[in-house]
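Notes follow once the structure below has been shown.
Just so you know, all these numbers are worked out from the coordinates, no wet-lab data involved. Predicted, not measured: the structure shown is a model, and the values here were computed from it.
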Amino acid sequence: MTDLVPPPSTSGKTLMERVEDALLPLINLVFLLLMFFIVAGQLADDPLPELPAAAQARDQQSPHADLIVNAEGDWRVAGEILEEDSLLSHLPEPTDKQPLRIGADETITMADLETLLRLLEEGGYEDVLLLTEPGA
C-alpha cells in the first residue's frame, strides 16, 4: 500500500538543522529591532522642553495645607501669622477621618517642629500629615 501523503523532503538535514534555519530570519528581525531602539533612544536623549504655562502654574501653586510653618518659625493659617496662644482656635477641629495637614519649610529645625507637634498634641490632634516636596 502506498502513502497518500509523501514524507516531507528533508534534503538531508536533521530536524534541529531545519529548526535553526527557520529561526534565523526571526533572530535577524529581533536584532534589527534592538538596533533601531538603541539608535532611536540615543537620538531623543534630551527631555521634552517644559511648557511655559506648566511652569507658571507650578510656581503659583502652594501646598494645600491647614497649617504652614516657614523657615523663620512663623505659623500661618489661611495666610495669617498666628502665635502659640491663638493657633489652636484657628485650626479645623481634630477628626479621625481627616488628619491635620502641615506644610513645613525644608530648613525648619527639628526643635521648632517638635514644639509645634507638642502644642498640637495638647490641642487634641492625634494624626498629622507632614507635607513635603520631592527633591530636585
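The distance linking segment 79-117 with segment 24-41 is 57 Å (Cα centroid to Cα centroid, whole angstrom).
A simple rule links phi to the HN-Hα coupling: the Karplus curve 6.51 cos²θ - 1.76 cosθ + 1.60 with θ = phi - 60°, which for segment 104-115 gives 10, 5, 6, 9, 5, 7, 5, 5, 5, 5, 5, 4 Hz, with x for Gly and Pro.
Of the DSSP beta bridges with both residues in segment 62-131, give the percent that are antiparallel, rounding to the nearest 5.
Given both bridge residues lie in segment 62-131, the antiparallel proportion sits at roughly 40 percent.
Under 5 Å between amide hydrogens, built in the peptide plane, is the criterion, and for TRP75 it picks out LEU82 among residues at least 5 positions away or on other chains. Measuring spread by the Cα atoms of segment 73-136 yields a radius of gyration and Dmax of 11.9, 36 Å. The H on the amide N of ALA104, modeled in the peptide plane, is under 5 Å from the matching H of VAL69, LEU131, each at least 5 residues off or on a different chain.
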